[in-house]
Amino acid sequence: MEQAIKRLLIGLGADDCGIAGVDRFAGAPTGFHPTDIYGDCRSVVVFVKRIPKGFEHVSPRICYTRNTDIVVAEVDRISYLASVQIEAMGANAVPVPCDTPYEFFDAETLTGRGILSMRHAAQKAGLGSLGKNTLLIHRAYGNRVTIGAILTNLDLASDPLCEDLCISGCRLCLDCCPTHALDGQSVNQSLCRPYTYTTNARGFDVCNCNTCRMVCPAIVR
Ligand code: B12
């Protein structure tokens with residue numbers, strides 16, 4: 001069953017896929033555990049879709065902004081289609097939005113929180129490890145991946161966890177943040193958000209900064 005589900009995800013366009021049993025989410029904050037979303041959840045199927053390395057060489061404002069939207073929609077589409085297929089195997093499946101919408105937002109500190117943290121889910125599914133910029137470093141594609149997740153009541157075997165891929169002693173992401181929002185453990189969203197998410201003269205929403213992601217050297221392919 002595990003292999004059938006992974007083949008399904010890869011066939012729909014995912015670049016890698018891993019599985020984490022709910023027991024692995026014991027450290028999740030109250031209200032943000034997979035069973036807080038879907039009470040019968042037994043396993044979390046997590047997958048990634050890579051983004052082009054070319055984004056390292058261009059301003060994030062136009063090409064990256066547009067394609068980030070596309071890959072987010074594509075990951076949600078894959079989750080949706082895979083969930084329908086998993087249900088055809090006789091289980092229940094809940095596709096979780098990979099980015100927005102989410103409920104939790106503290107307007108004072110501009111702190112948002114997804115209903116399930118995708119980067120933690122990917123780490124728990126053995127797809128990579130968390131970097132000092134807090135992002136998932138995928139075992140093949142570094143942090144240039146968008147992460148999706150599906151909750152299911154199937155009792156699936158967990159994949160082995162990945163070793164730490166963040167380069168010891170490296171501080172590139174911490175030192176390059178223009179707003180000093182990173183401390184190696186978390187992101188200060190009140191610093192990151194206003195600088196990163198802006199509107200241009202034409203009124204289009206643009207992503208102004210992806211430096212902590214693009215500077216990360218922990219890339220294999
Ligand atoms: C809110 C949000 C943001 C916020 C906060 C980012 C963050 N690092 O948490 C802001 C606006 C800053 C942001 C910016 C960006 N984001 Co963003 N964002 C999200 C979103 C929607 C929710 C993340 C969240 O809930 N954070 C708040 C909580 C969870 O983080 P925390 O307070 O540090 O959590 C602590 C505890 O609560 C606990 N915890 C929380 N959950 C769990 C679960 C378990 C199991 C455990 C053990 C512990 C635990 O551990 C933490 C340490 O104590 C996710 C999508 C998603 N649903 O995950 C994308 C997501 C994290 N973003 C993503 C991206 C790509 C970006 C940007 C690169 C976009 C850009 N500008 O180019 C930047 C990167 C900035 C950065 N260094 O994080 C990707 C990351 C992909 C990857 N490789 O990891 C995600 C996963 C979207 C996706 N589906 O791919 N984002």
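Any read-out appearing in this document is the output of simple, stated calculations on the displayed coordinates, not a laboratory observation. Small disclaimer: the values here were computed from a predicted structure and weren't measured. Positions of Cβ are backbone-derived with ideal geometry, glycine not excepted, and every protein chain shown enters the neighbour counts.
Tabulated data for the structure shown
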{"read-out": "Shape of region 88-221, Cα gyration tensor, a/c cut at 1.5", "value": "oblate"}
{"read-out": "Simple Cβ-charge dipole of the chain, Lys/Arg +1 and Asp/Glu -1, about Cα centre, in debye nearest 20", "value": "720"}
{"read-out": "Helical segments meeting 27 Å axial Cα length and Kyte-Doolittle -1.0 threshold in the chain (DSSP H)", "value": "65-88"}
{"read-out": "Helical contribution to [θ] at 222 nm, DSSP H n ≥ 4, -39,500 (n - 2.57), averaged over the chain, rounded to 500", "value": "-8000 deg cm²/dmol"}
{"read-out": "Per-pair calculated FRET efficiency, R0 = 45 Å: residue 205 and residue 157 via Cβ, rounded to 0.05", "value": "0.60"}
{"read-out": "Cα centroid of region 86-115 to Cα centroid of region 129-149, whole Å", "value": "18"}
{"read-out": "Cross-link reach list, lysines versus residue 132, counting only Cα pairs under 26 Å and skipping chain neighbours closer than eight places", "value": "49, 53, 124"}
{"read-out": "Separation between Cα centres of region 176-221 and region 1-72, rounded to whole Å", "value": "20"}
